[in-house]
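Notes follow once the structure below has been shown.
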């Protein structure tokens, strides 16, 4: 299961006894990458996730991203 965590995309994996392990799968680190992702993500029929960032991108005006788990 993959989630959005503000400045990262992370994966939660069950480890038993109702506990979960969090693994960062993509950190948003700013230009030229996105920064400050917001409003969650949407998923398409193929399992790809799409979202937007407030900062980052070529001119630090934000970026649209696609994440394929």
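The values are calculated or read from the model by the stated rules, or taken from the named source; none is laboratory data. Owing to the predicted nature of the structure, the values given are computational and were not obtained by experimental measurement. Reconstructed Cβ throughout: ideal geometry from the backbone, glycine too, with neighbour counts over all protein chains shown.
Side notes on the structure shown:
A quick yes/no check of all residues on (1) outside any strand (DSSP E or B); (2) in contact with a helix residue (DSSP H, G or I) (Cβ under 6 Å, 6 or more places away or on another chain); (3) modelled with pLDDT of 85 or more:
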site: 30; (1), (2), (3): yes, no, no
site: 47; (1), (2), (3): yes, no, yes
site: 50; (1), (2), (3): no, no, yes
site: 54; (1), (2), (3): no, no, yes
site: 64; (1), (2), (3): no, no, yes
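- The set of residues from the stretch 48-58 being free of Cβ contacts under 8 Å to residues at least 40 places away in the same chain and surrounded by 10 or more Cβ atoms within 10 Å (Cβ to Cβ) comprises 48, 50, 52, 53, 54, 55, 56, 57.
- Just one residue in the set 24, 42 is touching a strand residue (DSSP E or B) at 6+ places or on another chain (Cβ under 6 Å), in contact (Cβ under 8 Å) with a residue 12 or more places away in the chain and either on the phi < 0 side of the Ramachandran plot or not in a loop (DSSP other than H, G, I, E, B) (or both); that residue is 24.
- Residue 37 touching a strand residue (DSSP E or B) at 6+ places or on another chain (Cβ under 7 Å) and at pLDDT 85 or above: no
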